[in-house]
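So the structure is just underneath, and the comments pick up after that.
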Amino acid sequence: MSLMPNLQTALTDVLYETRDDSLRLIIGGGYGIYLKREYVRENGIRTLLREWPEARSTNDLGLFLRPELLVNSARLKPLAAALQRLGYKVISGAEKFQFAKPGPDGGRAGSLNGYFVLRFLAEDVGKHLDTVLDAILRALAHRGSH
């Protein structure tokens, strides 16, 4: 069974639910590689490959977040609300970066998982370095005072 249609539906649902928000999500992991591969093939972009490998992915969405969301975490609230509306639940013990949608029987079988990765681009580091460092130092100071 191919997992790609399930992932495509899940991604389309998330994008639709966050359409009015200015989130710039980057799709990574196996599914992100699959999407890039299809884009290159469909657009006839030249590569060094003579033969395309079989499309593979685990049953999860890897969403890469930009560093400005670390600085202004309130911008993540629309994404969290969208995931909740779509029936996703946070994973206990990994509440800040993993979520799952239960399978048809309400359990793990057939479930769809997701995770967040904070992605730093060179341009972002240059633009937001002071702000990100200030946020990290505030968090460390707050943690040390408790």
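The values are calculated or read from the model by the stated rules, or taken from the named source; none is laboratory data. Every value quoted in this text rests on a predicted model; they were computed, and no experiment measured them. Note that each Cβ is placed from the backbone with ideal geometry, even for glycine, and that neighbours are counted across all protein chains shown.
Quick notes on this structure:
- Checklist (1) surrounded by fewer than 17 Cβ atoms within 10 Å (Cβ to Cβ); (2) on the phi < 0 side of the Ramachandran plot applied to VAL14, failing item: (1)
- Residue among LEU61, LEU79 that is outside any loop (DSSP other than H, G, I, E, B), of a type outside the set (S, T, N, Q) and in contact (Cβ under 8 Å) with a residue 60 or more places away in the chain: LEU79
- Contacts under 8 angstrom Cβ, first residue in region 20-39 being at positive phi, partner β-branched (Val, Ile, Thr), 6 or more apart: GLY29/THR58
- Screening LEU65, LEU76 for residues that are buried (at least 18 other Cβ atoms within 10 Å of the Cβ), closer than 27 Å to TYR88 by Cα and of a type in the set (A, V, I, L, M, F, W, C) leaves exactly one candidate, LEU65.
- The set of residues from region 26-60 being at pLDDT below 80 and either of a type in the set (Asp, Glu) or surrounded by 10 or more Cβ atoms within 10 Å (Cβ to Cβ) (or both) comprises TRP52, GLU54, ALA55, ARG56, SER57, THR58, ASN59.
- A residue that is at pLDDT below 80 and crowded, with 16+ Cβ neighbours inside 10 Å occurs somewhere in region 99-111.
- Complete set of residues in region 64-76 that are of a type in the set (Val, Ile, Thr) and in a strand (DSSP E or B): none
- Any hit, region 85-98, residues being in contact with a helix residue (DSSP H, G or I) (Cβ under 8 Å, 6 or more places away or on another chain), surrounded by 15 or more Cβ atoms within 10 Å (Cβ to Cβ) and assigned to a loop (DSSP other than H, G, I, E, B): yes
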